[in-house]
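The values are calculated or read from the model by the stated rules, or taken from the named source; none is laboratory data. Keep in mind it's a predicted model, so treat the numbers as computed, not measured. Using ideal geometry, Cβ is built from the backbone for each residue, glycine included, and neighbour counts are taken over all protein chains shown.
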Amino acid sequence: MPASPRFVLVVFTDVHGNLPALEAAAEDAKFFCPDAVVHGGDIVNGPGSREVVAFFLAKGWNGVMGNHEDYVLRCTSPRAPALWRSERFAPVRWTRSHLSRRHLDWLAELPNTISPHPETTVVHGSPGDFRAALRSEMDDERAVALYSGLSSRVVICGHTHLPHVREIGDSLYVDAGSCGITLDGDARASYAVLTQLNGSWCGEIRWVEYDTRQVLDLARRTSWLEEGGGVSATMVHEMMTGISWTTPFVRWWTTQCRERTSVDSYREFARMRGMIPLL
C-alpha cells in the first residue's frame, strides 16, 4: 500500500539575533524530518545577528522580510525617518555595522511572502504591512479580513512574539511566536510545525529550552550592550525572561526622562522594576 501523502513545514520567526535559541530549536526540529524550513522575518537586530544570518545561509533556508530587516537595510539612508537615526535605534545601527555585504544583500532580496507549499503562505505580519499581524484577541472576522488577499489555506506569521494556532472554517492561521524573544512569560524558544496529511493540515507550536546565559554571554562578548545602550539591554532581559521589557522601557524613557541617555534611563528603569542591570 503506498505511503500517505505528507508534507512537514517548519517556521522559525523573530529570532532577533538569538543564536543559542535558534540552534536549540533547529536541533529540536530535526525530529520532524521537515520537507521545508523557512523563517518569518525579524531574524536580525540582536547580539548574534551576523551568526544567525550565516546560519540560515549555510542551511539554505530562505524566508521573508520583517520590519527589523527593513530597519537594518534603510537606517543609514538620508530618507530614513529621523527616529531611525536616534539613540532609540542604536541596536539597529549596531546590527547593520556587524553584517557583511553578502548578509545585507541576502536580506535585501527577501520577499514579503513565501509559499513553501502551494497551500501555505508565510508572511511576517500581513501582506503590505509588517506590523499588522494575527493576534489572539482578534476575532475570526478580522483575522480573515487581514489575510483576505491570500488564497492559501494555511497562513503562518510572526511579529507579535505571542504564538497561537487558530482554525477558521477550512483555513489554518498560525502565529509562530518567536524563536528569540518570546513575550508570553515563557523564556523558551518557540517555533511552528505545520503538517499536511491526506489533504488535511494541522499546526503545532513547539517550545524548546536552551541556556539563556549563553545569549547574555554573547551580548557581553560583542559590543551589543555597550553600543546598543538601554534598548539592547532590555532586549536581552526579554530573551532571558520571556517578559516584555523593551516597550515599557522605551515608553517610560521617551515620556518621563527624554533628556537623559538611554543607559542612564535604563539603569533607573531597572532599579524601579527590580531588575539586575546589565550595564
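Please tell me if Ala133 is among the aliphatic types (A, V, I, L, M) and within 30 Å of Thr222 (Cβ to Cβ). Yes; evaluated as a whole, the condition is true for this residue. Consider segment 203-259 and keep the residues that are within 16 Å of the chain's Cα centre (by Cα) and of a type in the set (Phe, Trp, Tyr). The one that is nearest to Asp186 (Cα to Cα) is Trp207.
For beta carbons closer than 9 Å, sequence separation of 6+ or different chains, a first residue in segment 128-145 that is more than 13 Å from His164 (Cβ to Cβ) and in contact (Cβ under 8 Å) with a residue 12 or more places away in the chain and a second that is among the aliphatic types (A, V, I, L, M) and assigned to a loop (DSSP other than H, G, I, E, B), the qualifying pairs are Phe130/Met65. Restricted to segment 232-274, and to residues there that are modelled with pLDDT under 95 and assigned to a loop (DSSP other than H, G, I, E, B), the residue that is surrounded by the fewest Cβ atoms within 10 Å (Cβ to Cβ) is Glu259. The residues of segment 10-50 that are touching a residue at least 12 places away in the same chain (Cβ under 8 Å), closer than 23 Å to Val155 by Cα and surrounded by fewer than 24 Cβ atoms within 10 Å (Cβ to Cβ), listed by number, are Ala25, Ala26, Asp28, Ala29, Phe32, Cys33, Pro34, Asp35, Ala36, Val37, Val38.
Report yes if some residue within segment 268-277 is outside the structural domain of Ile156 (by TED's automatic domain parsing) and touching a Cys at 6+ places or on another chain (Cβ under 8 Å); otherwise report no. Scanning segment 268-277 turns up at least one residue that is outside the structural domain of Ile156 (by TED's automatic domain parsing) and touching a Cys at 6+ places or on another chain (Cβ under 8 Å). Checked against (1) surrounded by fewer than 16 Cβ atoms within 10 Å (Cβ to Cβ); (2) farther than 24 Å from Leu225 by Cβ, Ser86 passes all but a single condition, namely (2). Can you name the condition, by its number, that Leu197 falls short on among (1) of a type outside the set (Ser, Thr, Tyr); (2) surrounded by fewer than 18 Cβ atoms within 10 Å (Cβ to Cβ); (3) within 30 Å of Leu146 (Cβ to Cβ); (4) not assigned by TED's automatic domain parsing to the domain that holds His68? Answer for Leu197: the failing condition is (4). Do we find that Arg96 is crowded, with 17+ Cβ neighbours inside 10 Å, free of Cβ contacts under 8 Å to residues at least 40 places away in the same chain and not assigned by TED's automatic domain parsing to the domain that holds Arg251 in this structure? Spelling it out, Arg96 is indeed crowded, with 17+ Cβ neighbours inside 10 Å, free of Cβ contacts under 8 Å to residues at least 40 places away in the same chain and not assigned by TED's automatic domain parsing to the domain that holds Arg251. Is it the case that His117 is at pLDDT 95 or above and closer than 30 Å to Glu259 by Cα? Here the answer is no, as His117 does not meet what is asked. Listed conditions (1) surrounded by fewer than 16 Cβ atoms within 10 Å (Cβ to Cβ); (2) in contact with a Gly (Cβ under 9 Å, 6 or more places away or on another chain) are all met by Asp129, apart from (2). Taking the numbered list (1) outside the structural domain of Met65 (by TED's automatic domain parsing); (2) under 30 Å from Arg85 (Cα atoms); (3) at pLDDT 95 or above; (4) not acidic (Asp, Glu) in turn, Thr222 passes all entries but (3). Kindly provide the set of residues from segment 54-83 that are closer than 28 Å to Ile156 by Cα, exposed (fewer than 15 other Cβ atoms within 10 Å of the Cβ) and of a type in the set (Ser, Thr, Tyr), ordered by number. Once the filter is applied, which keeps residues that are closer than 28 Å to Ile156 by Cα, exposed (fewer than 15 other Cβ atoms within 10 Å of the Cβ) and of a type in the set (Ser, Thr, Tyr), segment 54-83 yields nothing.
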